[in-house]
Every structure is written in C-alpha cells, then in structure tokens.
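Q: My questions will all concern the structure given below.
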Ligand SMILES: NC(=O)C[C@H](N)C(=O)O
C-alpha cells in the first residue's frame, strides 16, 4: 500500500503532530466561517487580506507576573491572561468574538490590534504550574520549556518565553544549544517591574517580543529587553534595577526597536543545515563554574574537581590568565583534565576574549584547558551540559565540539572570507552613480538591490550569481516587494539545485509572502515533487489554516481522479480528512468515485 493509499484510507487524527497543549483538538471548528469573516470590511476596513500570525507564549514566571505577598514579590498564578485581556493594546475582544477565535484556538488566546501591514498577531499563553522565580529554576525547567516548544513547533510561527531575569541568561543559553536546527524565533523576555504596576517595563518588553517573534523569521534563541533583541547565548544580567538589565558585551544586538524595528540581518545566526528541528533534552548535570581569586587554595580546586564532576568553566583573569607561580594549583587542574574532566577557560571580564598572549595564560593550555574564546560563562556552562550529554561522542569529539562555534556563542572570523563591499564592481558602479561612499550607505545600496537580484538568479537557476551575491554579504532571507524570497521563486521554478544551495546557506523555509504562501505551498502548486520532499526534510510544514483551507482543493483533485496532484499534497503533509466547502472530505470523494488507489 502506498503512503497516498494509506492517507486516503485512514482518518489522520493528529495531522500536524502538534500537541493539544494550548489549542483544543477535536473541537468542531469553523474554518470556513472564519475565512468568510476575514474578508468582512467592518473588521478590516483597510484591507481584506488580513493575515494571522501565531505566537505561543510560554509563561514560566518571573517578576513580569509577580504581585506583592507577605514574604515579598512572588508569582501570581492565573492572573496574567485576565489582566492582558483588559488592555486594548494587548487584546482586541471584538476581533476575537467576530472571528470565533476562542473556538478555534482555545480560551487562553489573545489577539493584538492589527499591525501596519494588516497582520493579526494571535497569541496563546501556556502558563506553567507552579510559576517560578527564576532563581528556583533548574536544568529540568530548561527541558520542560524545550519540550513544549518542540510539541507546539508546527502550530506556531514564533515563541515567546516569559522568564525571570535572574537566570534568564542561563536558560537562553541552554535553549540555544538544545534547539537543534531551529528555524523559528524563540524569544525570552521578562521585566524588572511587574506588569500589574502603573509604571513597568513588562508591557513594552512583552509587546516587542511578540511583534518580533511574529513578524520576523529569526531562527535563533534570543532575549528581548528594553528595546533590544540579543542573541540568547551572548547575554548576561548586568543590572539589578535598571530597565536595561542585560548586556551582550561581545556581540551587538540583533535588532533595535525604536520608531521602527530594525533587524541587523548580517548578525543573525544561520545554521546552514537542511535537517529538521529537534530538541535535545539530554543534559549533563555534573558541570560547574569555578571563579579564580587571588589566593585560591589547591584544596579548594581539588574539592571542586572531585567526581562526579565532568565539566567545569574556570573563570580566569583578563585574557584567560591564572597564576603561573602556583604549581600546586596547576597540578590539580592538570590531574582533572588527565582524568577526562573538560575544563573551559573563560574570562571574568565582561568584554573580550581568552587569548594565549601571556605566560600566565599559556600554563592553562599546558594544563589541558580548552580556550572558551569570548563565550560568556553562562553559555560555556550550558554548552558543557549539552555536549557532555552526547553519549555517542568520545572525549576528543566532545572537546572538539566545545572549542567550536555551535550557535554563534563565540566569535569566529567570518568577515575575512567575505569580499569587502567597496571592492564589488557592481556596488562600485552604483555607488559612483549615486555619489556615495560610506560603509552604511554602501550597505543600504546592497540591501536595496541584492534581494530582487537574488530572486532573478533563483528564477533562472543561476547559482554562480547567488554565490557572488553571497560574497557581498547579501541576505537571501530578504524578500521582494511581494514578500517573496529566492526560495519561493526556486520552489516555483523547480530548481532543485538552487533550493538545495539556499537551504544549505541558512535560508528559512518559513518565510511567508504577502499572500501567506510559503515555499512549500509554491512547490506543491507547481508540483515539484523532489522540492517538496527536500523542504519537508528541512522541517517545512503547512500551517493549521492552510490545512483547513485545503479541503476543497483536495476534494476537487479527488473528484477529477488526479492522483499525481493528491500524491504531491500527501508528500507535503496534507490532511485528507479535512472537509471541503460542502462538508465532504477527499477520502469521501475517493470512496464515492470508487477510485482504485493502491
Ligand atoms: N526581574 C526578575 O524577574 C527577577 C526575579 N527574581 C526572577 O528572576 O524571577
């Protein structure tokens, strides 16, 4: 029996593989009624083409949702959603009622007012029980958050994790490693003052995080605070009271939210893989942080390095230095690395990198320590926890991973491999015509001209031009005037090699054009089977809305006996039990037509 035959024979109860954590399944839904309403002018006077984008908010606790109790500030359960619902900037009840939103997405769902480009950010809140002050969090909580993101990955376009600030940098770092081949934004945020107080930073932080998670496909675990989006594994908490509580000393922000939200696409990390998203929930707990201080005794180091310790971040002085006149201390470190404990050398300084400039740094290399570059201690610790849990790797392979840049947590010199913008003949000609020369202006020219050029190259299957554009630092995730990316175009044209090239250069499969179509929708429409398969391997999937809408089209393919068309939809993950406009499913139509599908 082919997979198409199976799909048409059996009802698929869980087509997307997503859980029912936030949105009830099996509820008689009303997609067609919702569809009709989306084109109702009273709801959307300016545009009938309103698009819904979905975000899952995982509320783990933190000050953002705390109230004052007898023993100080503590999380307040079951209050967050109610309170947001009352704030017009966080929820449009009229839209929710008129579009049957609660029937469709569940009670804990809210919707923001319409964005400037006619999008509705619909967000569901998954509140943890108990809510935690982040000082109470452990590795198990990281696993829980990662698991919930995995369970709901296909249902949502982006994820916001509400979290206390005290240990947010640790959780953000850990999630960045645990989330392998991430293709959607995961943004941690919280606040210094509870959202229930008159003056607070929680509302701005939550709103900014929601907007970025919904509107930009940034495939990273990030942290959003006080108008800045940072890479999650680069941050550290630097202030107990200021609204600007976090710093990312070794990497500039990924985005700044001022009058406009500006994404620094050059800085966004891309995994360059065509593998599917997964969450690694195995973490090694036998890891620790040891901070050097003048006069530390060998006995203290020895005690710290006792079994079951398996990995240690040694926080050293300056550019990775330790006393070279302390053979007793160095011997303890050497004994530990000889015994298979991985020790990473990270600096105590907020900014800068570990380097072998000093004799006091060289002794640590001799003692078997691995240089941690410019990693934060938070990132190094959670990376150890992640890498040491990889049972199939031997010690050397683990050490190698520790010294490599896995998720943009440490700087590597990529800049040197890129052609300098001002050396590009193409940019030179344009710059001359426009009489410009400074770096920012050249970058602006590049960012304005290269996206449509990349689309043209994708259309004609010209990888050489794509490569030249890449060398200029062009970002293939940027879209044209219709929101279409080179991947959309290559998927339409059936250029498998271009699709492959783009995916292996970190291009997202989740970009939606102005009609809400992804490259997967395009490949299905133009029936490029191999491209559908490749996109699916990379984690592409239909949205719930698309699956609901597809019923009528599937019925019509079934009615005309178009097995090829049905097969493509099947490969793309369609659900043949979704009803069409008259309530019948493709399975019903196949049955009534007596089609023979084996
Ligand atoms: N601002 C905060 O969220 C601090 C709080 N103690 C926490 O980390 O949960």
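The values are calculated or read from the model by the stated rules, or taken from the named source; none is laboratory data. Model, not experiment: these values are computed from the prediction. Glycine also receives a Cβ, built like all others from the backbone with ideal geometry; neighbour counts cover every protein chain displayed.
Q: Just a yes or no: is a residue in region 267-277 without any contact (Cβ under 8 Å) to a residue 40 or more places away in the chain, surrounded by fewer than 21 Cβ atoms within 10 Å (Cβ to Cβ), within 16 Å of the ligand (Cβ to nearest atom) and farther than 18 Å from residue 164 by Cβ? Spell out how you get there, then give the answer.
A: Here is the first cut: in region 267-277, the ones without any contact (Cβ under 8 Å) to a residue 40 or more places away in the chain are 267.
Keeping just the survivors that are surrounded by fewer than 21 Cβ atoms within 10 Å (Cβ to Cβ) gives 267.
If we keep only those that are within 16 Å of the ligand (Cβ to nearest atom) too, we end up with none.
Checking region 267-277: not a single residue is without any contact (Cβ under 8 Å) to a residue 40 or more places away in the chain, surrounded by fewer than 21 Cβ atoms within 10 Å (Cβ to Cβ), within 16 Å of the ligand (Cβ to nearest atom) and farther than 18 Å from residue 164 by Cβ.
Q: Can I ask one more? With the structure loaded, tell me whether residue 31 is within 16 Å of the ligand (Cβ to nearest atom), over 26 Å from the mean Cα position of the chain (by Cα) and either at pLDDT 95 or above or surrounded by 13 or more Cβ atoms within 10 Å (Cβ to Cβ) (or both) or whether it fails that test.
A: Values: within 16 Å of the ligand (Cβ to nearest atom): no; over 26 Å from the mean Cα position of the chain (by Cα): yes; either at pLDDT 95 or above or surrounded by 13 or more Cβ atoms within 10 Å (Cβ to Cβ) (or both): yes.
No, not satisfied.
Q: A further question on this structure: Residues being within 10 Å of the chain's Cα centre (by Cα), in a helix (DSSP H, G or I) and either surrounded by fewer than 23 Cβ atoms within 10 Å (Cβ to Cβ) or within 10 Å of the ligand (Cβ to nearest atom) (or both): count how many of those fall in region 150-202.
A: Count: 0.
Q: Could we say that residue 298 is surrounded by fewer than 18 Cβ atoms within 10 Å (Cβ to Cβ), farther than 20 Å from residue 233 by Cα and modelled with pLDDT under 95 here?
A: Values: surrounded by fewer than 18 Cβ atoms within 10 Å (Cβ to Cβ): yes; farther than 20 Å from residue 233 by Cα: yes; modelled with pLDDT under 95: no.
In short, no.
Q: Go through (1) within 12 Å of the ligand (Cβ to nearest atom); (2) more than 24 Å from residue 85 (Cα to Cα) for residue 222 and report which single condition fails.
A: (1)
Q: Taking the options 83, 135, name whichever one is over 20 Å from the mean Cα position of the chain (by Cα), part of a helix (DSSP H, G or I) and within 15 Å of the ligand (Cβ to nearest atom).
A: Values: 83 fails: within 15 Å of the ligand (Cβ to nearest atom).
Exactly one of 83, 135 is over 20 Å from the mean Cα position of the chain (by Cα), part of a helix (DSSP H, G or I) and within 15 Å of the ligand (Cβ to nearest atom), namely 135.
Q: Further, regarding this structure: Look at residue 60 and say whether it is in the same structural domain as residue 188 (by TED's automatic domain parsing) and either surrounded by 18 or more Cβ atoms within 10 Å (Cβ to Cβ) or within 16 Å of the ligand (Cβ to nearest atom) (or both). Outline the logic, then answer.
A: Numbers: in the same structural domain as residue 188 (by TED's automatic domain parsing): yes; either surrounded by 18 or more Cβ atoms within 10 Å (Cβ to Cβ) or within 16 Å of the ligand (Cβ to nearest atom) (or both): yes.
So residue 60 fits the description; yes.
Q: Which count do you get for residues in region 63-80 that are farther than 16 Å from residue 125 by Cβ and either surrounded by fewer than 22 Cβ atoms within 10 Å (Cβ to Cβ) or away from the ligand (no atom under 16 Å from the Cβ) (or both)?
A: Result for region 63-80: 8.
Q: Now, a different point. Determine whether region 92-109 contains at least one residue that is surrounded by fewer than 23 Cβ atoms within 10 Å (Cβ to Cβ) and part of a strand (DSSP E or B).
A: For region 92-109, residues surrounded by fewer than 23 Cβ atoms within 10 Å (Cβ to Cβ) and part of a strand (DSSP E or B): present.
Q: Quick one: would you say residue 573 is within 24 Å of residue 53 (Cβ to Cβ) and in contact with a strand residue (DSSP E or B) (Cβ under 9 Å, 6 or more places away or on another chain)?
A: Numbers: within 24 Å of residue 53 (Cβ to Cβ): yes; in contact with a strand residue (DSSP E or B) (Cβ under 9 Å, 6 or more places away or on another chain): no.
No, not satisfied.
Q: Do the conditions hold for residue 143, that is, is it surrounded by 22 or more Cβ atoms within 10 Å (Cβ to Cβ), in the same structural domain as residue 233 (by TED's automatic domain parsing) and not in a loop (DSSP other than H, G, I, E, B)? Let's see the steps before the verdict.
A: Numbers: surrounded by 22 or more Cβ atoms within 10 Å (Cβ to Cβ): no; in the same structural domain as residue 233 (by TED's automatic domain parsing): yes; not in a loop (DSSP other than H, G, I, E, B): yes.
Judged against the criteria, residue 143 is not a match.
Q: Let me ask another. Within region 234-249, which residues are within 16 Å of the ligand (Cβ to nearest atom) and part of a loop (DSSP other than H, G, I, E, B)?
A: Taking region 234-249 and keeping what is within 16 Å of the ligand (Cβ to nearest atom), we get 235-247.
The answer is 235, 238, 239, 240, 241, 242, 243, 244, 245.
Q: A further question on this structure: Give me a count of the residues in region 272-295 that are at pLDDT below 95 and touching a strand residue (DSSP E or B) at 6+ places or on another chain (Cβ under 8 Å).
A: Residues in region 272-295 being at pLDDT below 95 and touching a strand residue (DSSP E or B) at 6+ places or on another chain (Cβ under 8 Å): 1 in total.
Q: Something else about it: I'd like to know if region 536-558 contains one or more residues that are touching a helix residue (DSSP H, G or I) at 6+ places or on another chain (Cβ under 6 Å), farther than 21 Å from residue 4 by Cβ and surrounded by 19 or more Cβ atoms within 10 Å (Cβ to Cβ). Step through it out loud before you land on a result.
A: Pass one, region 536-558, residues touching a helix residue (DSSP H, G or I) at 6+ places or on another chain (Cβ under 6 Å): 538, 540, 548, 554-555, 557-558.
From the residues that got through so far, the ones that are farther than 21 Å from residue 4 by Cβ too are 538.
Applying the additional criterion that residues be surrounded by 19 or more Cβ atoms within 10 Å (Cβ to Cβ) yields 538.
Within region 536-558, one or more residues are touching a helix residue (DSSP H, G or I) at 6+ places or on another chain (Cβ under 6 Å), farther than 21 Å from residue 4 by Cβ and surrounded by 19 or more Cβ atoms within 10 Å (Cβ to Cβ).
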